Amino acid sequence: MYGLLTTIADAVWFILPAYIANGTPVIFGGGPPIDGHKNLPDGNRVFGDGKTILGFVTGIIGGSFIGLVQTLFWSRPGGWEVGLLLSLGALIGDMMGSFFKRRIGLSRGEPLPGLDQLEFIAGAVILGSLLSFPSWEVLAVLFVFTPLIHLGANFVSCKMGFKQEPY
Ligand code: CTP
Ligand code: MG
């Protein structure tokens, strides 16, 4: 039990920049979409209005800042550079998830349970692993607990009026 708790704590500490990068755009995003309102030949948007330039930039800044704070005041696996990679990976993974959702005809904000919760973690771990690969235990915790934490966080930001749907 104690082992599981410390692994969960390690996992949260490791992935924190990705979470912040994923959550910042909900509050600070908006404005012109990354895809410039363009459609692909299938008639659907490339990414959609939910992926904005401002969201991308503020997400990277927010996530990297947390990684820097972790590094300066405590320590974090791989240092601040990994925080930057995790943030970038989270935002790219999130965009790839939206790209996939548009291709199967889901419009902006329509849920795709599983993908919605794991796309950003997968992107973060993949890019982060260029510099720092978490232990297998941490990895397992990330992919099991992350969907649950993500749903909880979205539920809260929905109740606070930042988000339309709780997913
Ligand atoms: N957001 C943003 N820019 C990004 C990512 C997110 O502005 N690069 C903001 C948008 O306001 C978005 C919100 O964060 O609506 C929540 O993100 P998410 O749930 O990923 O987007 P959805 O609106 O659900 O769109 P999609 O169906 O493409 O996932
Ligand atoms: Mg969504």
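Take the Cα of F133, step 7 Å toward its Cβ, do the same at E110, and the gap between the two points is 3.8 nm. Using every pair of separate Cα atoms, the Kirkwood estimate puts the hydrodynamic radius of the chain at 16.1 angstrom. When L4, L88 are compared by accessible area at a 1.4 angstrom probe, the order from most to least is L4, L88. Heavy atoms of the protein chains alone define the surface here; on that basis the chain has 53 Å² accessible area per residue at 1.4 Å probe size. Straight-line reach from K101: taking Cα to Cα under 16 Å and skipping same-chain neighbours fewer than 8 places apart, the lysines in range are K38, K51.
Once both labels are positioned 7 Å from their Cα atoms along Cα-to-Cβ, the gap between E81 and R103 label points is 3.2 nm. Calculated on the Cα set of the stretch 105-144, radius of gyration then Dmax: 12.7, 37 Å.
Of all aspartates and glutamates in the structure, the ones whose alpha carbon falls short of 15 Å from that of K163, not counting any fewer than 8 places away in one chain, are D49, E110, D116. Taking the inverse of the mean 1/r over every pair of distinct Cα atoms in the stretch 1-51 gives a Kirkwood hydrodynamic radius of 13.8 Å.
Roll a 1.4 angstrom probe over the protein heavy atoms and tell me the percent of accessible area of the chain that is carbon or sulfur. Here carbon and sulfur together make up 73 percent of the probe-accessible area.
The values are calculated or read from the model by the stated rules, or taken from the named source; none is laboratory data. Only a predicted model underlies this, so the values are computations on that prediction, with no experimental measurement involved. When we count neighbours, we look across all protein chains shown, and the Cβ atoms used for this are built from the backbone with ideal geometry, even at glycine. When the accessible area is computed, the model is the full protein with side chains, heavy atoms only, and any ligands, DNA or RNA have been set aside. Shrake-Rupley method; radii C 1.70, N 1.55, O 1.52, S 1.80 Å.
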